[in-house]
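Read through the structure below, which is laid out as structure tokens, and then see the notes.
Just so it is clear, none of the values below were taken in a lab; they were calculated from the coordinates. Fair warning: this is a prediction, and the values are worked out from it, not measured in the lab. Cβ: placed from backbone, ideal geometry, glycine included. Neighbour counts: every protein chain shown.
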Amino acid sequence: MIRRDGWRPAVLGLFLMFMLVPLAATVLFSISTRWDRTIFPEGLTLQWWFKVTERSAFVDTLTNSLILSFVTVLLALLLVAPTAYWSYLRVPRSRPLMDILTFIPFGIPGVVLALALIRFYSNVPLPLINTPALLVAACMVISMPFMYRPVANALEAVDIRLLTEAAQSLGAGWSKTFVRVVLPNILPGILSGCLLVFSAVFAEFTLVNLLVGTRFKTFPIYLVEFTRFDGRQASALAVISFAVAWLISLLIIWVVGRGSRPTEALGAR
Amino acid sequence: MKSKRKRKGWVLWAGLLPFLLFVLAFELLPLFTLLPSVFIADGRLTGANFQRALTPFILESFRNSLQLAAVVAGLGVVLGTIVAYAMVTTRNQSLRNALTALADVTTNFGGAPLAFAFIITLGSTGIVTLLLKAVGIHLYPTFRVYSIVGLAVAYLYFELPLMILVIIPALLGLRREWREAAVNLGASNLKYWTRVGLPILAPSLLSGFLLLFANAFGAYATAWTLTGPDVNLVTVQIAALVRGEVQLDPSLADTLAIISLLVMALCVAGYQLLNVRTQRSRT
């Protein structure tokens, strides 16, 4: 007879297996000489890692991804954080509108946004079509909930109105109030927003593929090219992608604690 | 006095202007410009584009996308809730924390690296495929990871942890006293769940389903890496039209996009409404 509580370890064990086996397999595959005929790898080697990282395209695409992610994070921060602060403090009536506008991108599939931007900007006399600038704007749209939610939650949590009034009654000007009082108090929200945007943009494939194609190759594009050309080297690239996503998630947990990730903030699918 | 305050109100709203302009230029206007070419043909308001767009091939893509999203969301809700229940009722605190952290990290995995990890694991010479073959279970050719079934398995990888994260707060809200009361009144385990537990969880389960459904319906990168053009999905069709792989037919692409947006909007709005309601009842 099965013990009454026997189901719990079984369920958790199966779940762990499902989540960990694909990751472990990818790591092992990337350091195996050959592993498609036998149950265990025929030998271990680091040559796929050396081969794939030696290419100039590796450094180029990684650099492109880092540039794209940093620029998007910076612009999203400059656009969203001050607006969120202003809306909370001075225009409370705008909050429902802000909530809806920043929630909408969550319901737009990447392919649909790409199509809409291409159709719109090929009919508008602005030289944006096929440029990385349009890609950055698209990444900012898709990642808007990731930046707005954590910042808005932080603003809500610390009663920003009271802090601002206290600072100003003590004689601080607007800029001093923002930099010395508001910013330190909502810093965890801002950091978590930045990390979420970074992680999503770094992994973004759909928008890059459709908006700029091969004109601006990023790391995920490079990875997809390799999956059709050399699986072993592709597996090393996949491990790097997982490591980046893992590292950023751990940073977020470390900065703001667990369970603070808004459900709208989902990675690239 | 009043007009002065009113003017001040407008100045305050102006502080939001850069943000509003950005949203208008890169989110709202581009999406709205899809509408005319969907509903207007030969200068008249018409539904003809819909009729023209919905060829058997396109209808199949919608059927596949909806079916895939429904199956993945359904499995995600059921399995995710069971795993989450096991997590919240386990006595081992550090195990629970570790598993929550794992769900937090893995729900963000997706796209190309995930698809490739599944090729390595369950592909025709994949590691699990070889292991199962050694013990006499032949996955291939009955199962193929490069098919819609393979896609469902890969999607579950990010949907399952998402459901776990979404349902844990609701499960923690189930008070132990309710169960004790039900048992004291003579209810069996099954009766407790069908009469007390599940009805209380129902709104959270439904909102979880809608979230997972939208998430799977809009996915593209994972499908493209794993199956390429082999599995006929709506997002794959739209992307092919954008890249110009098939003859460019703008109003066809726009029609597909508008229908997908409608599906997404229904899910996301339903999710949000249910969420606001459960949050209000919890406080």
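So here's what we get for this one:
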item	result
A:THR214/B:LEU45 FRET efficiency (R0 41 Å; Cβ-Cβ; nearest 0.05)	0.55
Part-to-part distance (alpha-carbon centres) for segment A:176-227 and segment B:114-163, which is given in Å	30
Residue list for segment B:84-122, given a label point 7 angstrom along the Cα-to-Cβ vector of B:TYR140 and an amide N cut-off under 11 Å	B:122
Cα-Cα separations in segment A:7-119 greater than 18 Å, expressed as whole percent	77
Within a Gaussian network of chain A (alpha carbon springs, distance under 10 Å), most fluctuating of A:GLN168, A:GLN47, A:GLN233	A:GLN168
Global size of segment B:53-282 as Cα Rg and Dmax, reported in angstrom	20.5, 69
Calculated FRET value between A:VAL124 and B:TRP13, using beta carbons and R₀ = 30 Å, to 0.05	0.70
In segment A:160-217, trypsin sites (Lys or Arg not before Pro) in a DSSP loop with at most 14 other beta-carbon atoms within 10 Å	A:ARG215
Residue-averaged [θ]222 nm for chain A, counting only DSSP H segments that reach four residues, each worth -39500 (n - 2.57)	-22500 deg cm²/dmol
Residues whose placed amide H lies under 5 Å from that of B:ILE40, excluding near-sequence neighbours	B:THR46
Max mean-square fluctuation residue, GNM over chain B, Cα-Cα springs under 10 Å, options B:THR121, B:THR107, B:THR90	B:THR90
Cα pair distances of chain A binned at 10 Å [whole percent]	6, 23, 27, 22, 14, 6, 1, 0
Inter-label distance, nm, simple model (7 Å from Cα along the C-beta direction), A:SER56/B:LYS133	4.0
Angle between chain A longest axis and helix A:110-121 axis [Cα atoms, degrees, rounded to 10]	60
Distance (nanometres) between label positions extended 7 Å along Cα→Cβ at B:LEU206 and A:THR63	5.4
Chain B: most fluctuating residue of B:ASN215, B:ASN232, B:ASN97 per GNM, C-alpha cutoff 10 Å	B:ASN97
Ascending count of other beta-carbon atoms within 10 Å, so fewest first, for B:ILE238, B:ILE40, B:ILE120, A:ILE190	B:ILE40, A:ILE190, B:ILE238, B:ILE120
For chain B, calculated [θ]222 nm from helices alone, where every DSSP H run of n ≥ 4 adds -39500 (n - 2.57)	-24000 deg cm²/dmol
Dipole axis of segment A:56-256 (+1 Lys, Arg; -1 Asp, Glu on Cβ), positive-most option in A:THR61, A:LEU211, A:TRP246	A:LEU211
Shape parameters for segment A:64-117, alpha-carbon atoms, Rg then Dmax in Å	14.0, 40
DSSP-loop trypsin sites (Lys or Arg not before Pro) across segment B:148-230, with at most 15 other Cβ within 10 angstrom	B:ARG175
For the protein assembly as shown, size of Cβ-based charge dipole, Lys and Arg +1, Asp and Glu -1, in debye	1700
FRET efficiency, 1/(1 + (r/R0)^6) with R0 45 Å, evaluated for A:LEU77 and B:ARG176 via beta carbons	0.55
Diffusion constant of the protein assembly as shown at 20 °C, which comes from Stokes-Einstein with the Kirkwood Cα-pair radius and 1.002 mPa s, µm²/s	85
Cα centroid of segment B:52-91 to Cα centroid of segment B:207-283, whole Å	12
